[in-house]
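Read the structure below first, then the notes.
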Amino acid sequence: GELVGTFILVLLGDGVVAGVSLAKTKANGAGWIAITLGWGFAVTLGVYASAFMGPAHLNPAVTLAFAIIGKVSWSVVLPFIIAQMIGAFLGAVVVWIQYYPHWQATDDQSAILGTFATSPAIRSPFANLMSEI
């Protein structure tokens, strides 16, 4: 369940970012509203698709938090995290394959990186830390 749910999460979440950010896509320039709605649907659909198979954490931080507060056994933490990492990797690979022609057409390196990772527009360790917290 963790693998399937995380695959769906990353596929749809990174997919919407690629569609909005990469050159010559139909969604290019749709903006943050499209991205946040897309990620919201990605989380929702990932949970709905996998919740019948397990707790649908879909994120190692969530799994660790539940283990720390005693809601899941520590014995499932490593298998869940491995499944989540595999699901995330597979989702990212499918997005990369789907948008391969758009990677070639995109000159903006930050748009390419932004499909799979985030970085601050202005580097300010204190402000960036507060944002993440």
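The values are calculated or read from the model by the stated rules, or taken from the named source; none is laboratory data. These numbers come from a predicted model, not from an experiment. Cβ sites come from the backbone with ideal geometry, for glycine too, and all protein chains shown count toward neighbours. Only protein heavy atoms, including side chains, enter the accessible area calculation; ligands, DNA and RNA are left aside. Shrake-Rupley method; radii C 1.70, N 1.55, O 1.52, S 1.80 Å.
Here are a few things to note about the model shown:
- For region 104-130, the tally of residues that are under 18 Å from the mean Cα position of the chain (by Cα) and not aliphatic (A, V, I, L, M) stands at 7.
- Subset of region 19-36 [touching a helix residue (DSSP H, G or I) at 6+ places or on another chain (Cβ under 6 Å) and closer than 21 Å to residue 97 by Cβ]: 20, 21, 22, 23, 24, 25, 27, 35
- Of all the residues in region 11-27, those that are of a type in the set (A, V, I, L, M, F, W, C) and open to solvent by 20 Å² or more (accessible area, probe 1.4 Å) number 5.
- In summary, helices (runs of 4 or more DSSP H) completely within region 9-117 and bearing 1 or more residues that are closer than 25 Å to residue 132 by Cβ occur at 32-50, 60-68, 77-98, 109-114.
For every residue, the table says whether it meets (1) surrounded by 17 or more Cβ atoms within 10 Å (Cβ to Cβ); (2) within 19 Å of the chain's Cα centre (by Cα); (3) not hydroxyl-bearing (Ser, Thr, Tyr).
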| site | (1), (2), (3) |
| --- | --- |
| 29 | no, no, yes |
| 35 | yes, yes, yes |
| 45 | no, yes, yes |
| 56 | yes, yes, yes |
| 59 | yes, yes, yes |
| 63 | yes, yes, no |
| 69 | no, no, yes |
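- Per the conditions (1) in contact (Cβ under 8 Å) with a residue 24 or more places away in the chain; (2) assigned to a loop (DSSP other than H, G, I, E, B), the sole criterion not satisfied by residue 123 is (1).
- Residue pairs whose Cβ atoms lie under 8 Å apart, separated by 6 or more positions or on different chains, with the first residue in region 23-42 and more than 13 Å from residue 10 (Cα to Cα) and the second acidic (Asp, Glu), are 23/107; 23/108.
- The set of residues from region 88-127 being over 27 Å from residue 28 (Cβ atoms) and either open to solvent by less than 100 Å² (accessible area, probe 1.4 Å) or touching an Asp or Glu at 6+ places or on another chain (Cβ under 6 Å) (or both) comprises 124, 127.
- Within region 71-81, the set of residues being open to solvent by less than 90 Å² (accessible area, probe 1.4 Å), farther than 15 Å from residue 10 by Cβ and not small (Gly, Ala, Ser) comprises 72, 76, 77, 79, 80.
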